[in-house]
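In what follows, a single structure is set out as structure tokens and then discussed.
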Amino acid sequence: MSDGYGADEVRSALVRTAEALRENADAFTRLDQALGDGDLGITARKVADALVAHAEGASPDEDLGAFIAAAGMATNRAASSTMGTLLATAGMRAGKLVKGAARLTDAQLTAMLQAAAEGMRERGKASLGDKTILDALFPAAEAFAAALEAGMPVEAAGRAMVRAAEEGRDAVTPLRNKIGRAGWIGERTEGLVDPGCELCVVVLRALARA
């Protein structure tokens, strides 16, 4: 078990996430274009800008929950696309769960990840197997929780989380997308990597580099 995570660690996590989103924005666009859309890279850059601005301009004031939830609200203002809304929901749900906390424990990280996943599922009205971000995020949340429960150090649990997200992404790649514009083109999406799943993997990799 770690001794917890304070304001510096949370700020760093936001900045790392922003950097990863920017670095992969062009790849997100290519994946998204193959499924009939193409704006995910734009969304990723907008979210990245919002996260950095929040990390540099806001103060946690001994309430990391409020700080994280506010990052979600900043994301919502910056990126009004479907993925922007889902990411904003994830941040707001995770932050609300730990409102008032000055430091975050490993157990709280687990609960936050699960709350983010549930928030995305409720907001996006998707199910597991629909070939969306949920198919990477839910296995990742479950793997992280299971690893910590088994007594693994948080670094190892983070690696397990990322592996589960990658495996979830790969498991649905042969399927056809069922949600949104990608769902309109049906069988042509079979064998193509879902952009939302890939974005999930990228973000979780960044978060695991703590």
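Here are some notes:
- Per-residue 3J(HN,Hα) values for the stretch 125-140, derived from phi via the Karplus relation 6.51 cos²θ - 1.76 cosθ + 1.60 with θ = phi - 60°, read 6, 9, 10, 4, x, 7, 6, 9, 3, 4, 6, 9, 6, 5, x, 5 Hz in sequence order (x marks Gly and Pro).
- The stretch 37-184 shape via C-alpha gyration tensor axes, a/c threshold 1.5: oblate
- Among the protein heavy atoms of the chain, carbon and sulfur supply 52% of the accessible surface, probe 1.4 Å, non-protein parts ignored.
- Computed P(r) (all Cα pairs; the stretch 31-112; 10 Å bins; percent): 20, 43, 27, 9, 1
- Per the Cα gyration tensor, the stretch 72-121 maps to an equivalent ellipsoid with semi-axes of 21, 12, 6 Å, ordered largest to smallest.
- Evaluated at q = 0.12, 0.15, 0.18, 0.22 Å⁻¹: base-10 log I(q)/I(0), Debye formula over Cα of the stretch 4-59: -0.33, -0.47, -0.60, -0.75
- Between 70, 36, 202, the Cα set farthest toward the positive side of the dipole of the chain (charges on each charged residue's Cβ, about the Cα centre) is that of 36.
- Cα gyration tensor shape for the stretch 129-182, rounded if a/c is under 1.5, else prolate or oblate: prolate
- Using a cutoff of 8 angstrom between alpha carbon atoms and counting only pairs six or more residues apart, the relative contact order for the stretch 134-207 works out to 33 percent.
- Accessible area of the chain divided out per residue, in Å², using a probe of 1.4 angstrom: 47
- Estimated dipole of the chain in Debye, rounded to 20 [Cβ of Lys and Arg +1, of Asp and Glu -1, Cα centre]: 480
The values are calculated or read from the model by the stated rules, or taken from the named source; none is laboratory data. Here the structure is a predicted model, which is why all the values come from computation and not from measurement. As a convention, Cβ positions derive from the backbone with ideal geometry for all residues, glycine included, and neighbour counts pool all protein chains shown. To get the accessible areas, we keep the full protein, side chains included, count just its heavy atoms, and leave off ligands, DNA and RNA. Shrake-Rupley method; radii C 1.70, N 1.55, O 1.52, S 1.80 Å.
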